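Taking it in order: structure first as structure tokens, then the write-up.
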Amino acid sequence: MKPTTRGTLAAVLTCLATAAGAAATPAAAVGTVPVPLPLDGVENALGVELPRVGGELPLPTPGAVEGPRYVEGRLLPDRTVPQLPLGAGLPGLGLSAPLPELLGGDADHVGLDAPASDLRTLGPGLALDAPLTAPDPGNFGLPAPKLPQAGVITPVLQAVPGANLGTGQGR
């Protein structure tokens, strides 16, 4: 192999390795985005210790839609309008505030930590059935009339939130 061919091959392999490494860590892999509340300027202007507040906003991620299911004996499929799954989270909150010297001892701050928690949702769906039955061979292949059916599939919301409240040393 010529030296120029080796150099070109090495450059191509380096570019491929870099692209594969960048693709392995997409921005959507992060579940939440931190949102701090900057109060440092107010603290400096007033000369007072203010609470520290920060939050986390979840990034919604759509799931795979479960398509309509065909049922024997029905003209329209079950779940004509399928439910849309969406995974996200409940926003998180972190708060630390100074306490007056009422409690005594080492506790000079109170803190609340409510981390972002997973949230699973499933949007509403619709199930319909036509006012005709399937073709009947005993009736010369003609469908028979029947009452139409319609139903709303209720949405689903599942979450397990939690929070911690405590006292301790500040900052």
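The values are calculated or read from the model by the stated rules, or taken from the named source; none is laboratory data. Model, not experiment: these values are computed from the prediction. We place every Cβ from the backbone using ideal geometry, glycine too, and count neighbours over all the protein chains shown. The accessibility values were calculated without ligands, DNA or RNA, using every heavy atom of the protein model including side chains. Shrake-Rupley method; radii C 1.70, N 1.55, O 1.52, S 1.80 Å.
Among the residues of segment 66-94, those that are in contact with an Asp or Glu (Cβ under 9 Å, 6 or more places away or on another chain) and either within 18 Å of Arg120 (Cα to Cα) or β-branched (Val, Ile, Thr) (or both) comprise Val71, Thr80, Pro82, Gln83, Pro85, Gly87, Ala88, Gly89, Leu90, Pro91, Gly92. Contact map, segment 112-124: first residue without any contact (Cβ under 8 Å) to a residue 40 or more places away in the chain, second residue outside any loop (DSSP other than H, G, I, E, B) and surrounded by 15 or more Cβ atoms within 10 Å (Cβ to Cβ), Cβ cut-off under 6 Å, separation 6 or more or different chains; pairs are Arg120/Gly87; Leu122/Pro85.
Could you list, in sequence order, the residues of segment 110-133 that are of a type in the set (A, V, I, L, M, F, W, C), in a loop (DSSP other than H, G, I, E, B) and modelled with pLDDT of 85 or more?
If we filter segment 110-133 for residues that are of a type in the set (A, V, I, L, M, F, W, C), which is where we start, we get 110, 112, 114, 116, 119, 122, 126-128, 130, 132.
This time we only want the ones that are in a loop (DSSP other than H, G, I, E, B), so: 116, 130.
Listed by number, the list is empty, since nothing qualifies.
Do you know which residues across segment 88-109 are over 21 Å from Pro38 (Cβ atoms) and either more than 23 Å from the chain's Cα centre (by Cα) or modelled with pLDDT under 75 (or both)? Leu99, Pro100, Glu101, Leu102, Leu103, Gly104, Gly105, Asp106, Ala107, Asp108, listed by residue number.
Does Leu37 satisfy the condition of being out of contact with any Cys (no Cβ under 7 Å at 6 or more places or on another chain) and modelled with pLDDT of 80 or more? The answer is yes for Leu37.
Within segment 40-67, the set of residues being assigned to a strand (DSSP E or B) and at pLDDT below 80 comprises Thr61, Pro62.
For segment 70-104, the tally of residues that are without any contact (Cβ under 8 Å) to a residue 24 or more places away in the chain and either surrounded by 14 or more Cβ atoms within 10 Å (Cβ to Cβ) or in contact with a Pro (Cβ under 6 Å, 6 or more places away or on another chain) (or both) stands at 2.
If you go through segment 138-148 one residue at a time, how many are closer than 24 Å to Pro68 by Cα and either open to solvent by 100 Å² or more (accessible area, probe 1.4 Å) or among the basic types (Lys, Arg) (or both)? Don't jump to the end; show me each part of the working.
Let us first name the residues in segment 138-148 that are closer than 24 Å to Pro68 by Cα, namely 143-148.
Restricting the remaining residues to those that are either open to solvent by 100 Å² or more (accessible area, probe 1.4 Å) or among the basic types (Lys, Arg) (or both) gives 145-147.
Count: 3.
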